[in-house]
Amino acid sequence: MLAKLFAIAAIAVPALSFSGAASAQEAPDALVKRISSEVLDTAKNDKDIQAGNNGRIMQLVEQKILPYVDFERMTQLAAGRYWRQATPEQQKQLITQFRSLLVFTYSGALSQVRDQKIEFKPLRAAPGDTEVEVNSQVISSRGGEPIQMSYRLEKKADGWKLYDVNVLGAWLVEAYRGTFSSEISKGGIDGLIKALSDKNQQLAARSNGKK
């Protein structure tokens, strides 16, 4: 379920790839609308991405997604009450490993983009809000029910950043909170770090095998 969740979510996550002073001035939904078409078009039309070239896919992820996702907040929310129990070094390792896991997942999903498009709903937010929820739906030309998606963003000093995505009624951070809690109950914070590291090594080996 989590793999499917991220595969769908990754279609929209690149929409937060904005840069420059204009990004801090635009409304979050305007940013998402403006940039999503650029990134989706790249994924659809880049032959290397369509062929599953992991080097090109990772490059797109590094350039267009990573600077605009708040991995620290995502990790903190996923860890829940256990975050305060972790040492600063453990927190740093958790962020690094969780970030890598999301990168691998996003990268795998981008190669699956074909004919999807995103339609956005009117933003319900006050001008001074620093946290907003942008709602949308993913539509395929092949038909089927639209996939409902929502994004939670926070306004930082350098612009808006994504910290959670909802697909079909399930928030990603909340979904991972159960996994984190289960691993911590078995092996503590270090056990969770090891579990994430092991998973990332598996994904890295699989990725290298496809180059």
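The values are calculated or read from the model by the stated rules, or taken from the named source; none is laboratory data. The structure presented is a predicted model; accordingly, all values stated were derived computationally and were not measured. The protein model used for the area step is the full one, side chains on, heavy atoms only, and it has no ligands, DNA or RNA in it. Shrake-Rupley method; radii C 1.70, N 1.55, O 1.52, S 1.80 Å.
To the nearest 10 Å², what's THR130's accessible area with a 1.4 Å probe?
Approximately 80 Å² of THR130 is accessible to the 1.4 Å probe.
Could you work out the mean projected area of the convex hull around the alpha carbons of region 41-91, in square nanometres to one decimal? The partial results should precede the final answer.
On the way: hull surface 19.5 nm².
Orientation-averaged projected area of the Cα hull: 4.9 nm².
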